[in-house]
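In what follows, a single structure is set out as structure tokens and then discussed.
The values are calculated or read from the model by the stated rules, or taken from the named source; none is laboratory data. From a predicted model like this one, the values you see are computed outputs, not experimental measurements. Using ideal geometry, Cβ is built from the backbone for each residue, glycine included, and neighbour counts are taken over all protein chains shown.
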């Protein structure tokens, strides 16, 4: 008899991943002050025992900076993914249950947002809001709901054909009431998976837009800022400035991807008896 | 008689798609215009300079703002801009001090082949790897390829570009560190080889990061096909695996893969913005970043519209492919 089936070990892995991500977020907060400490007696040090990621040209500890940057990225990702998911849910529901005109409007809006390349739209929104933190958060929240909204819309269209929704309508419940009371419980698992899978995109886009100079201001130790600063020192052979922060960003994003996939599989009734 | 009717249907379908594209393009430009016009960055301050503005009299400022059109309502400004745009006059770039159409043309020719090559390479290799993984579901090959796809999907393009730069340009000194041509060389002396050598790293980065989408999609479709009844039947007939993959698998998954790849033009463009920035490659993406940072509104608007046009063209071709080429879709529309 097997003590550990696939499901149980998956739950354990999931808990491990989530606690890892939480640890990074919290540690980043704790290292916040140290990330800004400059000390010219230790500048440009390659990785060593006391500074595992080395130090930059102002003597700032790269390990502390990386953790703080990651923590900031995760928090922005959390915020923007939540806002995007809410948008996607409301618009998807609205499109599929409020008649043809609403449907056309939302589908057109999705095509419109998808038509401008993501990065360019982020640049435009950030430009419109005068750059900085607000621009990043608003920009990412406004650009990432499209694919999830499409998914929700499709799901609601399917649900509308099901018996119990039809019965609810025949019993005299309004369109909005049925949507909220009878459809929403069905959509929650999909929304949750969509939410987790939005994180990686949100985080990567936050880093990208900051890297280009439109995002967080350069005093903040964000991953994008660290990497764009490292570009100037790359030709001088200071490889550690770019390698570690980027690699850890990849790891964090990867963890989110895996978490999303696992949540999806755990919630999928078809995969229940694995 | 029958063929003519279906021809008319196809024509109507094409017309509908083209109108849809034009409307969307108009809306994109309106949205972009709205975004730059609510920006707190004041074109008068950017163009004339704050110091000069401070020393001017109220009348002079009023005159200037009339010249720049800042006293007109935004809708009116948009219409006059859009009208000029349609006539081919996109305005003058403030940073490059050249007509926007000229700047975009120059940058686009640099970017276009970079994007085209990466698009082809990422599509081709992604499709091949996806097919390979899907046909061998659960085996070691599949696991390696899936892991690779997951990692590339999590890697920011600009960081990969930095790593390549570190390894190939700084450490191994094999390839140049940036730009599209050698520094200090006259345009006539630049050979094709120079251009290719400068394009290798950007192309490589873009191809690798653009691959994961198509790879995972193809893998999923291939697994579906391999579990289908007709593949089971083919196997029962004794067809070899490679024959099944080539004759039953690829035929079925090629079209959706092609559509997906056409729809991903927007992602390749986004990646090229970042990669061009790292390699200081003088392309459209870098121009967009410079325009955004420097408050060069005419150039930013021009690039937005042009890139949206490229993306919509990709989507348009994808829709047409689906609607016209696939016999199943054609039949489906007739029934409906």
Would you mind listing the helices (runs of 4 or more DSSP H) fully within the stretch A:162-274 where at least 1 residues are farther than 30 Å from residue B:288 by Cβ and within 12 Å of another protein chain (Cβ to nearest Cβ)?
A:240-267
Condition check for residue A:69: in contact with a helix residue (DSSP H, G or I) (Cβ under 9 Å, 6 or more places away or on another chain), within 14 Å of chain B (Cβ to nearest Cβ) and under 21 Å from residue A:18 (Cα atoms)
yes
Residue under evaluation residue A:258, criteria (1) modelled with pLDDT of 85 or more; (2) buried (at least 22 other Cβ atoms within 10 Å of the Cβ), criterion not met:
(2)
Exactly one of these conditions fails for residue A:150: (1) surrounded by 15 or more Cβ atoms within 10 Å (Cβ to Cβ); (2) more than 19 Å from residue B:36 (Cα to Cα); (3) more than 14 Å from chain B (Cβ to nearest Cβ). Give me its number.
(3)
Residue selected from the stretch B:284-299 under the condition in contact with a helix residue (DSSP H, G or I) (Cβ under 7 Å, 6 or more places away or on another chain) and at the interface with chain A (Cβ under 7 Å from one of its Cβ atoms), by the criterion surrounded by the most Cβ atoms within 10 Å (Cβ to Cβ)
B:288
Enumeration of residues in the stretch A:114-136 that are at pLDDT 85 or above and more than 20 Å from residue B:158 (Cα to Cα):
A:125
Collect the residues in the stretch B:129-147 that are away from every other protein chain (no Cβ under 12 Å) and either touching a residue at least 60 places away in the same chain (Cβ under 8 Å) or surrounded by 14 or more Cβ atoms within 10 Å (Cβ to Cβ) (or both), keeping them in residue-number order.
B:129, B:130, B:131, B:132, B:133, B:134, B:135, B:136, B:137, B:141, B:142, B:145
